[in-house]
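A.B. asks: Please find one structure pasted underneath; my questions will follow.
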Amino acid sequence: MKAKKELIDAAIQDGSMDRLNSLLSASHILLCEANNLIEEASDLMLERGICIGLLKKRHNDLTRAADKYFKEFGDMVTKDNAKLQMFKDLDDFDNRFRIWAKVYKGWKPKEKE
């Protein structure tokens, strides 16, 4: 078996490391976006009293797993400028995705007559 450094060097040389970085970065942005949408939906359900029973339990399970994932991923990103760029990328993606999905920011419930 090859030593770790040799494997990493080979992955850098053939471009696999760049591809891996791009894939993980893209999937992380998607997971962040999904998590933000889930949290917004959860807040709305809680406000309306409809986040109950098994749905509430599963949401709590998902939140705990997401917290662990995001903490682990965050520990891998050590440069502050990389973290700032990720948040900029997430904001850009969020704005475009919400337009595409027609789930605009700033939504308010309809006024009661």
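A.B. asks: Scan segment 17-33 and tell me whether some residue there is more than 28 Å from PRO109 (Cα to Cα), of a type in the set (D, E, K, R), assigned to a helix (DSSP H, G or I) and out of contact with any Gly (no Cβ under 6 Å at 6 or more places or on another chain).
C.D. replies: Yes, because at least one residue in segment 17-33 is more than 28 Å from PRO109 (Cα to Cα), of a type in the set (D, E, K, R), assigned to a helix (DSSP H, G or I) and out of contact with any Gly (no Cβ under 6 Å at 6 or more places or on another chain).
A.B. asks: Quick check on ASP67: is it without any contact (Cβ under 8 Å) to a residue 12 or more places away in the chain and under 13 Å from the mean Cα position of the chain (by Cα)? Steps first, answer last, please.
C.D. replies: Numbers: without any contact (Cβ under 8 Å) to a residue 12 or more places away in the chain: yes; under 13 Å from the mean Cα position of the chain (by Cα): yes.
Here the answer is yes, as ASP67 does meet what is asked.
A.B. asks: Then there is this: Provide a single number: the residues in segment 1-26 that are surrounded by 11 or more Cβ atoms within 10 Å (Cβ to Cβ) and either under 17 Å from GLN85 (Cβ atoms) or among the basic types (Lys, Arg) (or both).
C.D. replies: Selection size over segment 1-26: 5.
A.B. asks: Given the conditions (1) within 19 Å of ILE38 (Cα to Cα); (2) surrounded by 10 or more Cβ atoms within 10 Å (Cβ to Cβ), which single one is not true for LYS105?
C.D. replies: Unmet for LYS105, out of (1) within 19 Å of ILE38 (Cα to Cα); (2) surrounded by 10 or more Cβ atoms within 10 Å (Cβ to Cβ): (2).
A.B. asks: Of the residues LEU55, LEU84, LEU62, LEU90, which is in contact with an Asp or Glu (Cβ under 8 Å, 6 or more places away or on another chain) and of a type outside the set (Gly, Ala, Ser)? Spell out how you get there, then give the answer.
C.D. replies: Details: LEU55 fails: in contact with an Asp or Glu (Cβ under 8 Å, 6 or more places away or on another chain); LEU84 fails: in contact with an Asp or Glu (Cβ under 8 Å, 6 or more places away or on another chain); LEU62 fails: in contact with an Asp or Glu (Cβ under 8 Å, 6 or more places away or on another chain).
Answer to the check: LEU90.
Quick grid of which residues meet (1) aromatic (Phe, Trp, Tyr); (2) part of a loop (DSSP other than H, G, I, E, B); (3) surrounded by 12 or more Cβ atoms within 10 Å (Cβ to Cβ):
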position: GLU40; (1), (2), (3): no, no, yes
position: ASP43; (1), (2), (3): no, no, no
position: LEU54; (1), (2), (3): no, no, no
position: THR63; (1), (2), (3): no, no, yes
position: PHE70; (1), (2), (3): yes, no, yes
position: ASP75; (1), (2), (3): no, no, no
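A.B. asks: Condition test on ILE99, is it outside any helix (DSSP H, G or I) and surrounded by 10 or more Cβ atoms within 10 Å (Cβ to Cβ)? Spell out the reasoning first.
C.D. replies: On the way: outside any helix (DSSP H, G or I): no; surrounded by 10 or more Cβ atoms within 10 Å (Cβ to Cβ): yes.
So ILE99 does not fit the description; no.
A.B. asks: Could you grab the pairs with beta carbons closer than 7 Å, sequence gap of 6+ or different chains, first residue in segment 31-55 and touching a residue at least 24 places away in the same chain (Cβ under 8 Å), second one surrounded by 14 or more Cβ atoms within 10 Å (Cβ to Cβ) and basic (Lys, Arg)?
C.D. replies: Sorted first by the residue in segment 31-55, then by its partner, the list stays empty.
A.B. asks: Could you tell me which of the residues LYS68, LYS57, LYS79, LYS5 is more than 23 Å from PRO109 (Cβ to Cβ) and modelled with pLDDT of 90 or more? If you could, list the steps in order and put the result at the bottom.
C.D. replies: Numbers: LYS57 fails: modelled with pLDDT of 90 or more; LYS79 fails: modelled with pLDDT of 90 or more; LYS5 fails: modelled with pLDDT of 90 or more.
Selected residue: LYS68, the only one of LYS68, LYS57, LYS79, LYS5 that is more than 23 Å from PRO109 (Cβ to Cβ) and modelled with pLDDT of 90 or more.
The values are calculated or read from the model by the stated rules, or taken from the named source; none is laboratory data. All of these numbers come straight from a predicted model, not from anything done at the bench. Note: ideal-geometry Cβ built from the backbone for every residue, glycine included; neighbour counts use all protein chains shown.
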